[in-house]
1. Answer yes or no as to whether residue 61 is under 20 Å from residue 28 (Cα atoms) and of a type in the set (Gly, Ala, Ser).
2. Tell me, yes or no, whether the range 40-54 has at least one residue that is out of contact with any His (no Cβ under 6 Å at 6 or more places or on another chain), farther than 30 Å from residue 11 by Cβ, polar (S, T, N, Q) and free of Cβ contacts under 8 Å to residues at least 24 places away in the same chain.
3. Inspect all residues belonging to the range 43-61 and state whether any of them is touching a Ser or Thr at 6+ places or on another chain (Cβ under 8 Å) and not polar (S, T, N, Q).
4. Those residues that are at pLDDT 95 or above, within 24 Å of the chain's Cα centre (by Cα) and not hydrophobic (A, V, I, L, M, F, W, C), I need them from the range 39-66; list them, please.
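The values are calculated or read from the model by the stated rules, or taken from the named source; none is laboratory data. Everything quoted here is computed from the prediction, not taken from an experiment. Every residue, glycine as well, gets a Cβ built from its backbone with ideal geometry; the counts of neighbours run over all protein chains shown.
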Amino acid sequence: MTWESETTQLSTQERRKQLRQLEHDLRNYLGVVSTGMEALTGARDEPEMFSELHQMIEQQGIEPLKKVIADMITVACATENG
């Protein structure tokens, strides 16, 4: 079930709970990106390590972060319209 289909039937309290979970996820993925960016700085002269870190940031930080942001927008809009 997607966030979008779930949010149309949720109470305000349940939506707040979803938003808190999404906030938690957002902070976690931002942490991955922040830490990864710091590590990239130290790997400038190591192309293989730099590439691995870049891929890790993309897969474990950026991509999930995009989904969390989309989910937050969906829940927020449903809260506003519901």
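1. Working: under 20 Å from residue 28 (Cα atoms): yes; of a type in the set (Gly, Ala, Ser): yes.
Yes; evaluated as a whole, the condition is true for this residue.
2. Going through the range 40-54, the residues out of contact with any His (no Cβ under 6 Å at 6 or more places or on another chain) turn out to be 40-54.
Next, from what is left, pick out any that are farther than 30 Å from residue 11 by Cβ: 40-54.
Then drop every residue that is not polar (S, T, N, Q), which leaves 41, 51.
Then keep just the ones that are free of Cβ contacts under 8 Å to residues at least 24 places away in the same chain; that gives 41, 51.
The answer is yes; a qualifying residue exists.
3. So in the range 43-61, the residues touching a Ser or Thr at 6+ places or on another chain (Cβ under 8 Å) come out as none.
Taking every residue of the range 43-61 in turn, none turns out to be touching a Ser or Thr at 6+ places or on another chain (Cβ under 8 Å) and not polar (S, T, N, Q).
4. Within the range 39-66, 51, 52, 54, 55, 58, 59, 60, 61, 63, 64, 66 meet the criteria.
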